[in-house]
């Protein structure tokens, strides 16, 4: 498990520039790309994303504090560097329902998250092979 302090906040997503979206997303979020985080654990080499394995297919499942457990196929994230697992919103660590992590990004994230463009209160991400 990767603690919140070990997840770098080097990638930004500008929800304030994303157009007509859910008002709760109209902020600057910072975190790390899902692509890079999955690359840390998808095989024995933590330094790279295993594209061949992702093309074969597995599921990436998010576990949220409210019981929401959306999944997305590994093929969807190949090369996606604007989908991030955020821990910072407008310069501060996430709080409340959004904490400890929120999955945001685009364009577009519309499935499988009930067209909400995000998953919030993310406590764990599991790869299902």
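In the calculated pair distance distribution of the chain, what percentage of Cα-Cα distances lie above 16 Å?
So the portion of pairs separated by more than 16 Å is 59 percent.
Report relative contact order for the chain in percent, whole number only (criteria: Cα-Cα under 8 Å, sequence separation at least 6).
The value is 26 percent.
For the chain, what is the mean residue ellipticity at 222 nm derived from helices alone (per DSSP H run of n ≥ 4: -39500 (n - 2.57); sum divided by total residues; nearest 500 deg cm²/dmol)?
Counting only the DSSP helices, I get -2500 deg cm²/dmol.
As an exercise, use a Förster radius of 25 Å and the Cβ-Cβ distance of residue 9 and residue 44 to find the FRET efficiency, rounded to the nearest 0.05.
So, using R0 = 25 Å, E works out to roughly 0.40.
Only Cα pairs within less than 10 Å get springs; with that Gaussian network setup on the chain, which residue of 97, 20, 50 has the largest fluctuation?
With Cα springs under 10 Å in the chain, the top fluctuation among 97, 20, 50 is at 20.
Any read-out appearing in this document is the output of simple, stated calculations on the displayed coordinates, not a laboratory observation. Nothing here was measured: the structure is a model prediction, and the numbers come from that model. We place every Cβ from the backbone using ideal geometry, glycine too, and count neighbours over all the protein chains shown.
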